[in-house]
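Student: The structure that follows is given in the form of structure tokens.
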Amino acid sequence: MTLGILVAYLVLLLALGAWSSRRFRGTGEDFFVATRTLGSVLLLTSLFGTNMTAFSLLGASGEAYRRGIGVFALMASSTALVTPLVFLTLAPRAWALGKRYGFTTQTQLVRDRWGSEGLGLALLAFQIALLVPYLLIGLKGGGITLAQITAGAIPEWAGSLAVSAVVLAYVVAGGVRGTAWANAAQTVIFTLLGAVTFWIVVSSFGGLAAAFARVAAVEPELLVRGDRIRPLELLSYLAIPLSVVGFPHIFLHWLTARDAAAFRLPVVAYPVCVAAVWLPSVTVGVLSAAEIPGLAGPEANTVLIKMIALHAPGVLAGLLAAGVLAAVMSSLDSQSLALSNIVTHDVVRHYGLHDRMSDRLEVVLGRAFVAGVLGIAWLLSVVIDSSIFRLGVWAFSGFAALAPLFVAALFWRRATRAGAWASLATAAALWTAFLVRGWSEPGYTVAGSGLMPVAVMVAAAAVVLIVVSGLTRPPSAARLARYFAAPDPGPARPRT
Amino acid sequence: MRLPRGVVLAVAALAVLHNDLWWWNDPRLVLGLPVGLAYHLAFCLAATLVMAVAARRLGRGGDGGEER
């Protein structure tokens, strides 16, 4: 039954890819940014699907099993506030500049904004270093989960290979348009999975109040935050969703919008969508403590699988497998396309072919690099060990630390090239230092205070940007004129 | 797009209200959910309302690149 549902789901995605390929216009702009024509519904589902990973289903329930209801406040409601705020303030401006100057990557924006080849190259290297492990954890996690759900019927390597192959098919067929349509289906699938699982599990307990009463009887600390979450941790978690500012795959989806008004629905609906996915995951994670006690370490991340096996084997197990795949693939497709976009435009076109790259060649290269990225990622996912998950988790903090740089690029006319360099260098240096420090100590917080390192990185990158910009010469008027209107001189003063 | 002052204040208030120290160790159930969870569910709905007000201006009077 599980395998049947999985196969049906993958066939559905392939059909969507084939259908979207009929709408493909054959140009590089259509392949990478859908000729900037997507409406608000597809924009919402592609942004939401891209940003929600398998962690939202499995990791969230595992965290809630270990740490209780406070996980929702840490990870869901912070995202519900910060992410739509970023879409509201940054996305329309990035989209408009992308349309005006033909940008398809953040590197192009930063390079042009400050007129620096080196800055663009350094940013590109840092983003690739962060994105590759992030992409890998999705692929490897998907393979592991499929092996668990099917009790080993699908080996880990085969699951990852199937995921890569299907993503490759629909991305190559339709480019970002195929990705957007696939993400729409995937978003529906994993949201539906959460709602159905929540309903079945809570019903089997005899309702919400009865379910939480059982948890209170065995592990009452899970119903409060107590000592498992610290106030500084809750405060500093607000910085983590800033990672959407630095994600190249989210930036790419911003550029697909038809107009600035298309961002209205993503901005408004995002908090509700986050709650719809995370409430079931966190609740089922907490409730599972009453029925499956004693899971420790990474094994806790299997509570959702175990609860479904306990309460609704068969169809729901198949839906779970499809939901996990949906969450994995809806991120993987955009990440591989974003990497292909970076290599095609920021490396091959910028440093090699320049204007000699035809539309046809751009599409061919785009497709080839998607295939290359997914092929290499699959090979790495097979040979690399699970320590990649620790690196992947840190990727979020690194992307968030780029937020001051991008905010300044879009809105702060006084930001200088030296300030941008200093901010990027600070982000990279602190990220490396905290990574080394936290590698041997999972759950590391600054001086054991509960303060997440990401908050320090973002604050330091912002302060350095402001101070160094203040101490160095402002950008030229000609460069500023490309991005900002002339400052208002104020009311005319009479001559004296 | 410049955000109206009311929206800026509402977002700042939400950022403060996110840190609900007052329910930290309260195990009561509200609408069947632990109060700390019900509160943050309501927080998400409040964020939606604030964003609905803020997003009305998106796309009006410019393409979003009007900082130029």
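Read-outs: derived from the displayed coordinates by stated rules, not from any lab. All of these numbers come straight from a predicted model, not from anything done at the bench. With ideal geometry, Cβ positions are generated from the backbone for all residues, glycine too; neighbour counts draw on all protein chains shown.
Student: Can you list which of the trypsin sites (Lys or Arg not before Pro) found in segment A:1-80 are DSSP loop residues with at most 10 other C-beta atoms within 10 Å? Walk me through the numbers before you get to the answer.
Tutor: Values: sites: A:22, A:23, A:25, A:36, A:66, A:67; in loops: A:22, A:23, A:25.
Listed in order of number, the matching sites are A:22.
Student: Rounded, prolate or oblate: pick one for segment B:5-55, where a ≥ b ≥ c are the square roots of the eigenvalues of its C-alpha gyration tensor, a/c under 1.5 means rounded, and failing that, prolate if a/b is larger than b/c, else oblate.
Tutor: Working: a/c = 5.04, a/b = 1.93, b/c = 2.61.
Oblate.
Student: Taking other Cβ within 10 Å of each residue's Cβ, how do A:333, A:259 sort, fewest first? Before the final figure, lay out the partial values.
Tutor: Details: A:333 31, A:259 18.
Lowest count first: A:259, A:333.
Student: Another question, then. For chain A, calculate the relative contact order in percent as a whole number, restricting contacts to Cα pairs under 8 Å that are 6 or more residues apart. Working shown, then result.
Tutor: Numbers: 783 pairs, mean separation 151.5, N = 496.
Relative CO of chain A lands at 31 percent.
Student: How crowded by other chains is A:93-100, given as the mean number of beta carbons from other chains within 10 Å of each beta carbon?
Tutor: Numbers: counts 7, 2, 3, 7, 5, 1, 3, 3.
Counting Cβ atoms of other protein chains within 10 Å of each residue's Cβ and averaging gives 4.
Student: With each pseudo-label sitting 7 Å past Cα toward Cβ, what's the residue A:23-residue A:157 distance in nm, one decimal?
Tutor: In this crude label model, residue A:23 to residue A:157 measures out at 3.9 nm.
Student: Would you mind ranking B:18, B:40, A:354, A:311 so that the residue whose beta carbon has the fewest other beta carbons within 10 Å leads the list? Could you put the intermediate results ahead of the total?
Tutor: Numbers: B:18 21, B:40 27, A:354 9, A:311 17.
Final ranking by Cβ density, sparse to dense: A:354, A:311, B:18, B:40.
Student: Turning to a different aspect of this structure: Calculate the dipole size of the protein assembly as shown relative to its Cα centre from +1 charges on Lys and Arg beta carbons and -1 charges on Asp and Glu beta carbons; express the result in debye to the nearest 20. Before the final figure, lay out the partial values.
Tutor: Working: 41 positive and 26 negative charges, 395 e Å.
The dipole magnitude comes to about 1900 debye.
Student: Measuring from a point 7 Å past the Cα of residue B:49 along Cα-to-C-beta, which residues in segment A:51-77 have an amide N at less than 19 Å?
Tutor: A:77
Student: For a quick check: sort A:424, A:44 by the number of other beta carbons within 10 angstrom, fewest at the front. Present the calculation step by step, with values, prior to reporting the outcome.
Tutor: Details: A:424 22, A:44 25.
So the ranking, lowest neighbour count to highest, is A:424, A:44.
Student: Let me ask another. Any idea what the dipole of segment A:68-149 comes to, in debye rounded to 20, about its Cα centre with Lys/Arg Cβ at +1 and Asp/Glu Cβ at -1? List each step's numbers first, then the result.
Tutor: Values: 6 positive and 2 negative charges, 39 e Å.
Charge dipole, segment A:68-149, about its Cα centre: 180 debye, nearest 20.
Student: Here's something else I'd like to know. Is any residue of segment A:97-138 close enough, with backbone N under 17 Å, to a label point placed 7 angstrom from the Cα of residue A:473 along the Cα-Cβ axis, and if so, which?
Tutor: Residues A:114-117 qualify, since their backbone N sits under 17 Å from the label point.
Student: Further, regarding this structure: Quick check: the distance between the Cα centres of segment A:26-59 and segment A:96-169, to the nearest angstrom?
Tutor: Answer, in whole Å: 13.
Student: What do you get for Rg/Rh over the protein assembly as shown if you use C-alpha atoms and the Kirkwood form of Rh? Spell out each step's value before the answer.
Tutor: Numbers: Rg = 23.3 Å, Rh = 24.1 Å.
Ratio value, two decimals: 0.97.
Student: Still on this structure, I have one more. According to the square roots a ≥ b ≥ c of the eigenvalues of the Cα gyration tensor, what is the shape class of segment A:108-224, taking rounded for a/c under 1.5, prolate for a/b larger than b/c otherwise, and oblate for the remainder? Write out the running numbers ahead of the final one.
Tutor: Numbers: a/c = 2.38, a/b = 1.76, b/c = 1.35.
Since a/c reaches 1.5 and a/b is larger than b/c, the shape of segment A:108-224 is classed as prolate.
Student: Find which of A:310, A:251, A:340 sits farthest along the positive direction of the dipole of segment A:204-349, computed with +1 on the beta-carbon of Lys and Arg, -1 on that of Asp and Glu, about the Cα centre.
Tutor: Highest projection toward the positive end goes to A:251.
Student: Follow-up question, since we're still on this one. With a cut-off of 8 Å between alpha carbons and a minimum separation of six or more residues, what is the relative contact order of segment A:300-413 in percent? Intermediate results must be reported in sequence, preceding the final value.
Tutor: Values: 27 pairs, mean separation 23.0, N = 114.
Normalised by residue count, the contact order of segment A:300-413 is 20 percent.
Student: On full extension of the chain, what length is gained from residue A:11 through residue A:436, given 0.36 nm per residue of separation minus the C-alpha to C-alpha distance? Please list the in-between numbers first.
Tutor: On the way: separation 425, 0.36 × 425 = 153.00 nm, distance 4.28 nm.
Length difference between fully extended and current span is 148.7 nm.
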